[in-house]
1. Identify the single condition in (1) under 20 Å from Leu87 (Cβ atoms); (2) assigned to a helix (DSSP H, G or I) that Ser151 does not satisfy, given that it satisfies every other one.
2. Based on this model, can you work out whether Gly599 counts as open to solvent by 10 Å² or more (accessible area, probe 1.4 Å), modelled with pLDDT of 90 or more and within 27 Å of Leu112 (Cα to Cα)?
3. Does the stretch 227-245 include one or more residues that are farther than 28 Å from Pro69 by Cα, small (Gly, Ala, Ser) and open to solvent by 30 Å² or more (accessible area, probe 1.4 Å)?
4. Where residues in the stretch 45-87 are of a type outside the set (A, V, I, L, M) and modelled with pLDDT under 85, which of them is nearest to Val401 (Cα to Cα)?
5. Of everything in the stretch 406-438 that's open to solvent by 50 Å² or more (accessible area, probe 1.4 Å) and of a type in the set (Ser, Thr, Tyr), which residue is nearest to Val48 (Cα to Cα)?
6. What tally of residues in the stretch 570-628 results from selecting those that are acidic (Asp, Glu) and in contact with a Phe, Trp or Tyr (Cβ under 9 Å, 6 or more places away or on another chain)?
7. Looking only at helices (runs of 4 or more DSSP H) that lie completely in the stretch 1-114, which have at least 3 residues being within 20 Å of the chain's Cα centre (by Cα) and touching a residue at least 24 places away in the same chain (Cβ under 8 Å)?
Amino acid sequence: MSFGFVAISWNTYKKKYDVFVIATCLVYLSLFTLVNMAIHPIANMMTVLIRAFGTLALILLHVILLIGPAARLSVCFLPLLYNRRHLGVTMFLMGSIHGMLSLFWFHGGGDLNPFVSLFTSNKHYGSLSFFPFQTLGFFALVILMLMALTSHDFWLNIFGTRIWKGLHMMVYGAYVLLIAHVSLGSLQSEKNPLFAILLLIGASMVSTIHILAFLKEKRAERTRIHADPKNWVLAGRRDEFIASQAKILRVDDQRIAIFNNEGRLSAVHNVCKHQMGPLGEGKIVDGCIVCPWHGFQYHPEDGCSPPPFQEKLHTYRLKQEKDLVFIDPIPLPEGTHVEPLQIYNDVNLNYPKDKYFIGWDSARSFKFSSTSQKFAIAIAGCMIVIGLLIPAFQQHPSPYVLDYGTKRQIEGWLLSTPVPMIRIMEGKDMQGNPMYKDVLLVDALKFGALAKVNKYEITSGKARHMYVRLKGYLSQRYVDCGYSPADCDRPCSQCLIGTRSFPLMEIGEDGLLEFSPIPEPYPMVDEVINSTFRDTLLFGEIIDPKCYFGAMNPGQGKTHLSCAARCISGGIMPVLHYVSSGADHYVILTGHDGVAVNGILRDKVAMPVSIKGKWVKMDNWELMQMDPMDGIAVSKN
């Protein structure tokens, strides 16, 4: 108990509790990260941390929701219940780190404030499959924040018991929001059923244990009515009242606990004034009723807390007829003294003092029961196993990496149409004809490079197609050939996308190193495009190439929808990814005459779409000029 509001002091039990919680969290985060990096060496570290903190917070929330009803089913779990607030604050901190990292990673660095982006990047509020699941996590986190900030008894005193209790019962609303957040979000991008099974097991455990606790309470409150002219209610036989414990009744709307204190019965209201805990599940210790939740005390004969505390309970009158005990269900004013009903003369029936946990009592708080210890260790073990399973069975990241470790240089012809790119020569084919590759150009963060390319053209004095040497970060394709790119003096064709596949470069402020008026070799890009267009209908998913080709991993699907929307809105060229004959294809999307269609396509990213327009093969890319008005439709394919 506490009187006044002072800094929290940690006794031996509190310290053990907190050290165990912190150690378990650190072990989980470490194992999750290390296993991820071992199995998926190119996995993005930010994505790994987001998943680590998110899964940890969700697991801790399940544990928190299990402890309450478990303590009602068995007093062995009371040591875990007493400092559950510490576990709740820890869970909120893990969840808030997950939320802040997600907000920064998916919504930061774009053309909108991250909080505005959170609610506007995904506008499919009328769709179940594409519902903006991130907003559900945000509101859940707001609830958990309010609970964490008001967890101290200072706020209970300010708000009052009922308002404070109602606020903290919102944890169940937060739990439902988080289950929906996971189900409509990351769970949809995972192909392995293990994750759905784990989530279902967790939800089933929480539901089942709450139902069992509810049924136990209902069984304890069953009341038998005796035909007494003065409306006295039969409470039970004399031998039904166990020493130092209570028998619980419910008479109409009255919840009553009848305690046996050394052979003398006293009846009080069965709701603690502190946090509305079930007093009847507590015990008599040192002559006082002790609430099982947080150790609040009351004298059984008048329902008053020992001085200087001022909490008071309703009391009830009792009487005995032969071996039967009756109660008057009409409550007396709070704090009314009622002489205890003597049913035994043996004063040695008091419950052993060392068998009951009281968290604030240093003499008793450090005495863990073996059951609670085993439960805590089992939960920690399960958390560690889950921390190993998730990285092992999660969807493999794509083989693309945007290498921010080393700035590289490439040279070729700079183009601003159809999209910003640099055309590089890669030698000659068997007939002696030159071979070219087109490297897409993007700017830092979530912005396209068109403004920077236009600036380069103005600087050079040429309108277009100048020969330049650029410096920036290149997208790479990871292939496990036994060597890492860091081991090679020059990346081979298996490591560097630009040498044989679909290259992309992020150019920085010092991206333009030099330029020269070397004419573009024949045929020019525009001539190739304009001479070979044909009408085509394609089915696929719109992506932003920067994230897809390595800036984020994964960089596609619903979980990446908000980030892709910001990238497309920021000017990064939209690309359609489709599969044909088992091979991946990537189509740059523009309007007629190369007009940008980012604004039209922004709300269609990550969705299955059909697009029709004029298609052409352009070196290592494909290009489609579409009609922005009727060239795209959301598809069920």
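1. (2)
2. When the stated conditions are applied, Gly599 passes them.
3. Yes; the residues of the stretch 227-245 include at least one that is farther than 28 Å from Pro69 by Cα, small (Gly, Ala, Ser) and open to solvent by 30 Å² or more (accessible area, probe 1.4 Å).
4. Within the stretch 45-87, the match that is nearest to Val401 (Cα to Cα) is Asn83.
5. Thr406
6. The qualifying residues number 3.
7. Of the helices (runs of 4 or more DSSP H) lying wholly inside the stretch 1-114, those with at least 3 residues that are within 20 Å of the chain's Cα centre (by Cα) and touching a residue at least 24 places away in the same chain (Cβ under 8 Å) span 12-39, 45-73, 84-102.
For (1) open to solvent by less than 70 Å² (accessible area, probe 1.4 Å); (2) modelled with pLDDT of 80 or more; (3) on the phi < 0 side of the Ramachandran plot, each residue gets a yes or a no:
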site: Trp10; (1), (2), (3): no, no, yes
site: Phe20; (1), (2), (3): no, yes, yes
site: Leu26; (1), (2), (3): no, yes, yes
site: Ser30; (1), (2), (3): yes, yes, yes
site: Thr33; (1), (2), (3): yes, yes, yes
site: Ala38; (1), (2), (3): no, yes, yes
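The values are calculated or read from the model by the stated rules, or taken from the named source; none is laboratory data. Values in this document were obtained by computation on a predicted structure and should not be read as measured data. Neighbour counts run over all protein chains shown; Cβ positions are idealised from the backbone, glycine included. The accessibility values were calculated without ligands, DNA or RNA, using every heavy atom of the protein model including side chains. Shrake-Rupley method; radii C 1.70, N 1.55, O 1.52, S 1.80 Å.
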